[in-house]
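Peer 1: Below you will find the structure I want to go over with you.
The values are calculated or read from the model by the stated rules, or taken from the named source; none is laboratory data. Not measured: the values here are computed from a predicted model. Heads up, the Cβs are rebuilt from the backbone with ideal geometry, glycines too, and the neighbour counts pull from every protein chain shown. When the accessible area is computed, the model is the full protein with side chains, heavy atoms only, and any ligands, DNA or RNA have been set aside. Shrake-Rupley method; radii C 1.70, N 1.55, O 1.52, S 1.80 Å.
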Amino acid sequence: QVQLVESGGGLVQPGGSLRLSCAASGFTFSNYRMSWYRQAPGKERELVATITSAGGTNYVDSVKGRFTVSRDNTKNTVYLQMSSLKPEDTARYYCNAVYSYIEVWGQGTLVTVSS
């Protein structure tokens, strides 16, 4: 069964850190481009960070220098390390996997940044 399962979300104070994880199963993880998206209440889903199968990374401008995406192909897992969190980072974060015409989404994990 093709599946992505996110974890690591929660409530954090502004300036704090969280690490999200996304565990993949049912497909050849190392072949896939992995991305993190987020969707805040009342807003469209936006691409936050991408890591290619070769390890290249890209970020939306609003998180550059604060977020780091990484992958461990031995664990079939992609991570999003988030630091210096801001209230505007509050959203449901989704994991996405793409290879050729195949695309897989996780159910998301909620991140709330609030004092």
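Peer 1: When residues of segment 89-102 are filtered for being more than 14 Å from VAL48 (Cβ to Cβ) and free of Cβ contacts under 8 Å to residues at least 60 places away in the same chain, how many remain?
Peer 2: Taking segment 89-102 and keeping what is more than 14 Å from VAL48 (Cβ to Cβ), we get 97-102.
Cutting the leftovers down to free of Cβ contacts under 8 Å to residues at least 60 places away in the same chain gives us 100-101.
So the count comes out to 2.
Peer 1: Further, regarding this structure: Within segment 78-98, is even one residue touching a Gly at 6+ places or on another chain (Cβ under 6 Å), in a loop (DSSP other than H, G, I, E, B) and more than 27 Å from SER115 (Cβ to Cβ)?
Peer 2: Within segment 78-98, none of the residues are touching a Gly at 6+ places or on another chain (Cβ under 6 Å), in a loop (DSSP other than H, G, I, E, B) and more than 27 Å from SER115 (Cβ to Cβ).
Peer 1: Moving on. Are any residues in segment 49-63 farther than 17 Å from ALA91 by Cα, under 14 Å from the mean Cα position of the chain (by Cα) and open to solvent by 40 Å² or more (accessible area, probe 1.4 Å), and if so, which ones? Outline the logic, then answer.
Peer 2: First, pick out the residues of segment 49-63 that are farther than 17 Å from ALA91 by Cα: 50-58.
Now narrow it down to the ones that are under 14 Å from the mean Cα position of the chain (by Cα): 50-52, 57-58.
Residues satisfying the conditions are THR52, THR57, ASN58.
Peer 1: Moving on. Can you say whether ARG66 is open to solvent by 10 Å² or more (accessible area, probe 1.4 Å) and closer than 18 Å to SER21 by Cα, as far as the supplied structure shows?
Peer 2: yes
Peer 1: Moving on to the next point. Report, ordered by the first and then the second residue, all pairs with beta carbons closer than 8 Å, sequence separation of six or more or different chains, a first member in segment 103-115 that is over 26 Å from PRO14 (Cβ atoms) and surrounded by 15 or more Cβ atoms within 10 Å (Cβ to Cβ), and a second member that is of a type in the set (Phe, Trp, Tyr) and at pLDDT below 95.
Peer 2: From residues that are over 26 Å from PRO14 (Cβ atoms) and surrounded by 15 or more Cβ atoms within 10 Å (Cβ to Cβ), the pairs are VAL104/PHE27.
Peer 1: Quick check on segment 88-102: of everything there that is in contact with an Asp or Glu (Cβ under 8 Å, 6 or more places away or on another chain) and aromatic (Phe, Trp, Tyr), which residue is most open to solvent (accessible area, probe 1.4 Å)?
Peer 2: Out of the qualifying residues, it is TYR94.
To keep it simple, each residue is scored yes or no on (1) out of contact with any Cys (no Cβ under 8 Å at 6 or more places or on another chain); (2) over 20 Å from VAL12 (Cβ atoms); (3) not polar (S, T, N, Q).
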residue	(1), (2), (3)
ARG45	yes, yes, yes
ALA54	yes, yes, yes
ASN58	yes, yes, no
LYS64	yes, no, yes
PHE67	yes, no, yes
THR74	yes, yes, no
TYR94	yes, no, yes
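Peer 1: Same structure, new question: Condition check: closer than 30 Å to SER115 by Cβ and not charged (D, E, K, R). Does SER30 satisfy that?
Peer 2: No: the conditions fail for SER30.
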